[in-house]
Amino acid sequence: MSNDRFTAVGVNIAEKATMIWNVADLLRGPFKPHEYGLVILPMTVVKRFHDCLLPTHQAVLDQYEKVRKLAVTDGFLRRASGYQFYNTSKFTFERLLADPENIESNFRDYLNGFSANVQDVLAKFDFDNIIKRMVESNTLYLVIKEFASQKGYLGPDKISAVDCGYIFEDLVRRFSESFGEEAGAHFTSRDIIYLMTDLLLSGVDLSKQENITVYEYNDTYGRIRMYQALNLKQPEGVHIPSERTVYRVMEIIGLNHRPKRKPNGITKADREARKSEDLLKRNFKANEPLQKCITDITEIKAKDGKLYVSAIFDCFDSGVLGLAMETNMKATLCEHTLDNAYLAYPAIRGSIIHSDRGTQYTSETYRKALAKYGIIQSMNSAGGRCHDNARCESMWARMKSELLYDRYDTDTMTIEELKVLIWRYFISYWNNRRICSANGGLPPMVKRKRYYDSLEQVA
């Protein structure tokens, strides 16, 4: 994908998110500004599911008639839909609009037709009460009509799985800003986040790979993280043994750590370019979010080329703040990573972001992006010692060990398939579910939320 194409995709994502958010104009009066997201976010989710399922809708209905009396129907209906979810209702958005008098009952029938995993998502949105309010204010039909229009179309033939994820992320940001919250202090329930990510990204066919819906990487956990995971998920009345006992049992049953491959540094130092001072000096600890960040690029080989992944990690909780992926490793890749980080966390302004001395990070393009966002640059010390950005190298090693090695043959996967896999890993799993020993066993976003909750209690 060319740089122009990458930029165009980013613009399209922003434009689509803006068009969807403009549905809020219909909500003025019955809903307060900070409540717009309560309507728009779940409606976006429902419409994505709807547009994904529309081509196979009739096939699902036909199959449902054949198997409805069986004790177990999920497998048949998922195969008919082509996704990990389905809908057995006769209604579509077009059919809903054909009967305005019965819009509430018909819409509820449509929602009740979704598979259980989608029902879980909608339940966490408390969408039932939102529907009642839309009915009372006579806005339900109007909102459905807007989402049924061309500007509300979210089918996978026009909006890729990754792009849809970014659109949803942008809408979450807009919703949070409507609350007037401090940037970076807003969170959607992590249950919604990972359920949404797992289901929304099901639009890419990875069926030839192992099943990635079971999205836990516990077999890579060492004794510390395994012990922490057991304590976090402790069933009532079950005694969790000591860490030493866990270690001994893991040895017996063969759950030892696999040797990790060391990632090779791929950025080349530019000794002639201007350099920034090493402000971290290998001190990667931070007392609060968005204080110190680290960034780097890694390379993954695919069957149709190479994918370069750029990320910004927060030293406070190891959370991924910004993520960008391209088929080249030019300075614009790092610039887009900054753009995405600032989009999600405007409070990153004033933060320190540390990198190696690769030409991407010494380029004028990258330095201008840092200046635009008011970010302080830090770089490895003279000589380009790898230990100066060791924590970021460690992040890549963990990702490849947990996600790729002995699981996926990336040589047989396309770049687009890899993008989905990696986006899903970081945004859904890494940020919200992965046991992180440095956080006392807490996933990054859980630690972050607890930090902000503690500030509210003090206030």
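So here's what we get for this one:
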read-out	value
Surrounding net charge for S351, when Lys and Arg each add one and Asp and Glu each subtract one, Cβ distance under 13 Å	0
Potential extension, K66-N283 segment - 0.36 nm per residue separation minus Cα distance	71.8 nm
30 Å Cα-Cα threshold exceeded, pairs from K69/K158; K124/K151; K151/K292; K16/K124	K69/K158; K151/K292
Share of alpha-carbon pairs per 10 Å distance bin for region 24-111, given as whole %	16, 37, 31, 12, 4
Where labels lie 7 Å past Cα in the beta-carbon direction, separation of D25 and D120 in nm	3.8 nm
Computed label-point distance, nm, for sites Q457 and D411 using a 7 Å Cα→Cβ extension	5.3 nm
Distance from region 300-344 to region 76-149 (C-alpha centre basis), Å	35 Å
Calculated FRET value between K372 and E15, using beta carbons and R₀ = 35 Å, to 0.05	0.95
Rg(Cα) / (2.2 N^0.38 Å) computed for region 292-458, rounded to two decimals	1.04
Approximate spin-label separation D157-T327, in nm, with each point projected 7 Å along Cα-to-Cβ	2.3 nm
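Since every read-out is calculated from the coordinates, none of them should be taken as a lab result. Every value quoted in this text rests on a predicted model; they were computed, and no experiment measured them. With ideal geometry, Cβ positions are generated from the backbone for all residues, glycine too; neighbour counts draw on all protein chains shown.
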